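Read through the structure below, which is laid out as structure tokens, and then see the notes.
The values are calculated or read from the model by the stated rules, or taken from the named source; none is laboratory data. All figures in this text were calculated on a predicted structure; none of them were measured in a lab. In this analysis, Cβ positions are derived from the backbone assuming ideal geometry, glycine residues included, and neighbour counts consider all displayed protein chains. The area values use the complete protein model at the heavy-atom level, side chains included, leaving out ligands, DNA and RNA. Shrake-Rupley method; radii C 1.70, N 1.55, O 1.52, S 1.80 Å.
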Amino acid sequence: MAAEAASALGLSVAVLAEHPDDAACAVAAEVLVGSPLVEADLRALAARSEVITFDHEQVDLSILRTLAADGVPIRPGLPTLEMATDKAHMRSVLAAAGIPVPAHLVLDAGPAGHAAPAAEIEAFAARHGWPLVLKTARGGYDGKGVWIVDDPAEVARVTAPLVGRLLIEEMVPFQAELAVMVARRPSGEMVTWPAVETAQVDGVCREVLVPGRLPPDVVERARALGQSVAEIAGAVGVLAVELFWSGGVLMVNEIAARPHNSGHWTIEGALTSQFENHLRAVLDLPLGSPAPQHDQVASVNIFGGAGGEDPLALLPGGLATEGAHIHLYGKATRPGRKLGHVTVCGDDAGEVRERAWAAAVALGTPRPQVLLTPSGRTA
């Protein structure tokens, strides 16, 4: 999607892909097959690029520091990437800056086969209650590396095979999960898209609603908080800030220093998409307006179904839904894999949401039994 946005601006994108059939290879101007964890592969990409940027957090910061010391432009920079790749570090930086975050505890899991320190976790649970949220500090995404633990025995079972730092957090009772997308240039110029409501199932985003059930004052507070986080992180490019709205308080849950699933709606729903503004930002070009083009937008992710149907084969059914903007990523189909998304824009919240889901279901996406309803209850 970034390569498609680049094409409209007359820019070209070289992609470092681990496999020649990765989705971006179909649209990139140039493809290098290699790993972001191999210095020689990153140097080959740097030799062909004006600037290096990222679409995931699975990077080696020590290699990137070496490249940066040699003058390779890396955007976002190392301080931002360190926050985005290490949840424990992110928590400590934001908490020190006075940004609201869940109560948490950072522990070393020790060598594999040894459970995390039980006494510290039980003391934390005595203050904040069970269940707790347990996360690996690095490497988790889309619900991976995250566990809900109900008692000390479950903590011991989950942590025994883990190594490295762990993040123990309170379970936050929230009215809504939301996300704010911020684009920022090296000069400090910044634009922010309106906050969106997201629905997660098993730790994976299933739908994004703009503005969803979020009151205007919460949208404005989220915008200001997102901008504060971007400034603290020194972000360059797009930064996604995922939030909990809990008891009238907004607190930061996660950040991602890249275009993000919660911003895919901007392709059709905003004057400037997150992908175009990410390119503008990392190249230090003037940023485009993030203003929405419609009162209501719904974006639903397309997932592989249990039967293994290829959504491309089901495309006529999806396109039969009026107003459905379908994006298929060209990924091999397997149950539960994110394969694309569909966005519908309009004036009525219920109508655009139902049409987005109708198109996604027609493309083979199972509709979860538990999703938000307009009243906030699940259905």
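Restricting attention to segment 296-328, the residues being modelled with pLDDT under 95 and exposed (fewer than 14 other Cβ atoms within 10 Å of the Cβ) number 3. Residues in segment 273-289 that are over 13 Å from THR53 (Cβ atoms) and open to solvent by less than 10 Å² (accessible area, probe 1.4 Å): GLY288 only. Just to be sure I understand, how many residues within segment 150-163 are crowded, with 16+ Cβ neighbours inside 10 Å and touching a residue at least 40 places away in the same chain (Cβ under 8 Å)? Result for segment 150-163: 3. Looking across segment 329-364, just one residue is part of a helix (DSSP H, G or I), among the β-branched types (Val, Ile, Thr) and either in contact with a helix residue (DSSP H, G or I) (Cβ under 7 Å, 6 or more places away or on another chain) or open to solvent by 30 Å² or more (accessible area, probe 1.4 Å) (or both), and that is VAL361. Being assigned to a loop (DSSP other than H, G, I, E, B) and either within 16 Å of MET1 (Cβ to Cβ) or of a type in the set (A, V, I, L, M, F, W, C) (or both) is the filter here, so list the residues in segment 274-296 that pass it. Once the filter is applied, which keeps residues that are assigned to a loop (DSSP other than H, G, I, E, B) and either within 16 Å of MET1 (Cβ to Cβ) or of a type in the set (A, V, I, L, M, F, W, C) (or both), segment 274-296 yields LEU283, LEU285, LEU287, GLY288, ALA291.
Residues being surrounded by fewer than 20 Cβ atoms within 10 Å (Cβ to Cβ), in a loop (DSSP other than H, G, I, E, B) and touching a Lys or Arg at 6+ places or on another chain (Cβ under 8 Å) are entirely absent from segment 35-50. Kindly establish whether ALA324 is touching a residue at least 40 places away in the same chain (Cβ under 8 Å), farther than 22 Å from GLY237 by Cα and small (Gly, Ala, Ser). It is false that ALA324 is touching a residue at least 40 places away in the same chain (Cβ under 8 Å), farther than 22 Å from GLY237 by Cα and small (Gly, Ala, Ser).
Out of ASP55, ASP108, I need the residue that is open to solvent by 60 Å² or more (accessible area, probe 1.4 Å) and either basic (Lys, Arg) or over 30 Å from LEU339 (Cα atoms) (or both). Which one? I'd like the intermediate steps shown before the answer.
On the way: ASP55 fails: either basic (Lys, Arg) or over 30 Å from LEU339 (Cα atoms) (or both).
Result: ASP108 is the single residue among ASP55, ASP108 that is open to solvent by 60 Å² or more (accessible area, probe 1.4 Å) and either basic (Lys, Arg) or over 30 Å from LEU339 (Cα atoms) (or both).
Go through segment 191-203 and report how many residues are open to solvent by 30 Å² or more (accessible area, probe 1.4 Å) and modelled with pLDDT of 95 or more. Total satisfying the criteria: 1.
Sort through LEU61, LEU81, LEU94 and tell me the only one that's modelled with pLDDT of 95 or more, surrounded by fewer than 18 Cβ atoms within 10 Å (Cβ to Cβ) and closer than 16 Å to ALA233 by Cα.
Values: LEU81 fails: surrounded by fewer than 18 Cβ atoms within 10 Å (Cβ to Cβ); LEU94 fails: surrounded by fewer than 18 Cβ atoms within 10 Å (Cβ to Cβ).
Within the list LEU61, LEU81, LEU94, the selection yields LEU61.
Just one residue in the set GLY140, GLY188 is surrounded by fewer than 14 Cβ atoms within 10 Å (Cβ to Cβ) and closer than 18 Å to VAL241 by Cα; that residue is GLY188. Restricting attention to segment 327-360, and to residues there that are touching a residue at least 40 places away in the same chain (Cβ under 8 Å) and of a type in the set (Val, Ile, Thr), which single residue is nearest to LEU214 (Cα to Cα)? Looking at residues that are touching a residue at least 40 places away in the same chain (Cβ under 8 Å) and of a type in the set (Val, Ile, Thr), I get VAL352. The helices (runs of 4 or more DSSP H) found entirely in segment 52-149 that carry 2 or more residues being farther than 20 Å from ALA257 by Cβ and touching a residue at least 40 places away in the same chain (Cβ under 8 Å) are 118-128.
Could you tell me whether ALA306 is touching a helix residue (DSSP H, G or I) at 6+ places or on another chain (Cβ under 9 Å) and either part of a loop (DSSP other than H, G, I, E, B) or of a type outside the set (Lys, Arg) (or both)?
Numbers: touching a helix residue (DSSP H, G or I) at 6+ places or on another chain (Cβ under 9 Å): no; either part of a loop (DSSP other than H, G, I, E, B) or of a type outside the set (Lys, Arg) (or both): yes.
It is false that ALA306 is touching a helix residue (DSSP H, G or I) at 6+ places or on another chain (Cβ under 9 Å) and either part of a loop (DSSP other than H, G, I, E, B) or of a type outside the set (Lys, Arg) (or both).
Taking the criterion of being more than 23 Å from the chain's Cα centre (by Cα), hydroxyl-bearing (Ser, Thr, Tyr) and at pLDDT below 95, would at least one residue in segment 366-375 satisfy it? Looking through segment 366-375, at least one residue is more than 23 Å from the chain's Cα centre (by Cα), hydroxyl-bearing (Ser, Thr, Tyr) and at pLDDT below 95.
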